[in-house]
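Visitor: After the structure tokens below, expect a handful of questions from me.
The values are calculated or read from the model by the stated rules, or taken from the named source; none is laboratory data. Owing to the predicted nature of the structure, the values given are computational and were not obtained by experimental measurement. Neighbour counts run over all protein chains shown; Cβ positions are idealised from the backbone, glycine included. The protein model used for the area step is the full one, side chains on, heavy atoms only, and it has no ligands, DNA or RNA in it. Shrake-Rupley method; radii C 1.70, N 1.55, O 1.52, S 1.80 Å.
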Amino acid sequence: MKLPTQAKVWHNGELVEWRDAQVHVATHALHYATSVFEGLRGYATAHGGTTGRGTAIVQLDAHVKRLLDSCRISELPLRWDFAQVREAVLATVRANGFKSCYIRPLVFRGCGALGVDPSNSPVEMSVIVIEHGAHFGPEAYARGIAMCVSSWRRMAPDTLPTMAKAAANYLNSMHILLEARGNGFDDGIALDHEGYLSEGSGANLFVVARGKLFTPSLGSSILEGVTRGCVLTLAREFGLEVLETRIPREMLYVADEVFVTGTAAEVTPVRSIDRKPIGAGARGPLTERLQQAYLAIVRGEVADRHGWLTLV
Ligand SMILES: Cc1ncc(COP(=O)(O)O)c(C=O)c1O
């Protein structure tokens with residue numbers, strides 16, 4: 001995702017120029033990873049909206065809620081409330097005017113004192129917006145991606161809180177991703193501390209097997225993905241049996257279909273894992289159905305029947 005050179009950034013309550021949204025090297029979050037963030041997407045839709053561009057943000061309230069939850073989990077007392085954070089996101093999107101965009105709110109401990117104790121470092125917030133297209137590339141939608149099971153595991157539940165979208169957790173994600181890319185895969189799948197399936201470096205995992213849809217439960221060190229929630233809603237709407245549960249690794253190798261979900265990844269099929277083809281080695285029929293149903297709603301091609309979109 002390329003960074004713009006000219007864009008407005010919401011920084012502690014003000015819209016400032018991209019180049020002016022700076023922090024000091026003594027910023028607590030740089031030293032101790034005391035930050036949490038969100039990733040949202042805005043799509044150019046056929047719907048109206050005040051900008052006339054029809055940009056709609058997907059699951060704005062769910063993302064704002066998760067940001068506030070991440071702050072609570074991570075001891076980051078935020079001086080902006082739900083409505084103000086929501087408005088900050090909308091104001092930043094309006095100020096930049098990108099049709100399709102990725103939105104990154106960030107809450108972090110700023111510059112106040114050196115030392116692990118964060119109490120003397122102020123809690124700051126910023127929102128950046130960049131233009132954005134497909135995450136894995138458009139061919140991945142149809143062809144699927146190649147994944148491997150990572151040698152890196154997700155954090156054990158008594159180490160780092162994976163329910164928080166905390167920067168600290170992304171050092172683990174980075175290792176999963178770099179190891180996978182270094183070995184010629186698109187991304188890795190991490191196991192949890194007990195060896196059950198967890199998630200990808202930045203996406204939740206779904207397995208279609210025995211006519212049911214399986215996804216790891218919150219107890220398997222996952223981030224509770226907003227897109228995961230959308231897909232669970234759609235699957236139930238289709239009348240599918242859905243299980244949020246512990247899943248052994250070998251389910252991957254007998255699966256009919258595997259896919260990953262995320263704000264950036266949307267619904268992306270997995271064509272192989274550890275070089276073993278999944279199903280027919282291409283996007284499976286249920287993945288395609290869920291993918292199309294999800295994309296049709298977020299792109300505004302059909303009615304927003306679940307109330308996921310907020311027009312900018
Ligand atoms: C580790 C991790 N898991 C899952 C997800 C998917 O979450 P969401 O659907 O809310 O984007 C993400 C994406 O942000 C992620 O970073």
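Visitor: Any chance the stretch 43-54 includes a residue that's among the small types (Gly, Ala, Ser), surrounded by 22 or more Cβ atoms within 10 Å (Cβ to Cβ), in contact with a strand residue (DSSP E or B) (Cβ under 9 Å, 6 or more places away or on another chain) and within 25 Å of VAL226 (Cα to Cα)? Lay out the reasoning, then the answer.
Guide: If we filter the stretch 43-54 for residues that are among the small types (Gly, Ala, Ser), which is where we start, we get 44, 46, 48-49, 52, 54.
Imposing the further condition that a residue be surrounded by 22 or more Cβ atoms within 10 Å (Cβ to Cβ) reduces the set to none.
There is no residue in the stretch 43-54 that is among the small types (Gly, Ala, Ser), surrounded by 22 or more Cβ atoms within 10 Å (Cβ to Cβ), in contact with a strand residue (DSSP E or B) (Cβ under 9 Å, 6 or more places away or on another chain) and within 25 Å of VAL226 (Cα to Cα).
Visitor: Also, quick follow-up: Just checking, which of GLY229, GLY239 is part of a helix (DSSP H, G or I) and over 17 Å from MET147 (Cβ atoms)?
Guide: So the residue among GLY229, GLY239 that is part of a helix (DSSP H, G or I) and over 17 Å from MET147 (Cβ atoms) is GLY229.
Residues checked against (1) closer than 17 Å to GLU224 by Cβ; (2) open to solvent by less than 20 Å² (accessible area, probe 1.4 Å):
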{"site": "GLN59", "(1), (2)": "yes, no"}
{"site": "VAL64", "(1), (2)": "yes, yes"}
{"site": "SER70", "(1), (2)": "yes, yes"}
{"site": "PRO77", "(1), (2)": "no, no"}
{"site": "ALA83", "(1), (2)": "no, no"}
{"site": "ALA95", "(1), (2)": "no, no"}
{"site": "LYS99", "(1), (2)": "no, no"}
{"site": "VAL107", "(1), (2)": "no, yes"}
{"site": "GLY110", "(1), (2)": "no, yes"}
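Visitor: While we're looking at this one, here's another question. Taking the conditions exactly as written (in a helix (DSSP H, G or I), more than 16 Å from the ligand (Cβ to nearest atom) and among the charged types (D, E, K, R)), does ARG289 satisfy them or not?
Guide: Considered against the rule, which asks whether it is in a helix (DSSP H, G or I), more than 16 Å from the ligand (Cβ to nearest atom) and among the charged types (D, E, K, R), ARG289 comes out as yes.
Visitor: Of the residues SER126, SER119, which single one is out of contact with any Cys (no Cβ under 8 Å at 6 or more places or on another chain) and open to solvent by 30 Å² or more (accessible area, probe 1.4 Å)?
Guide: Working: SER126 fails: open to solvent by 30 Å² or more (accessible area, probe 1.4 Å).
Answer to the check: SER119.
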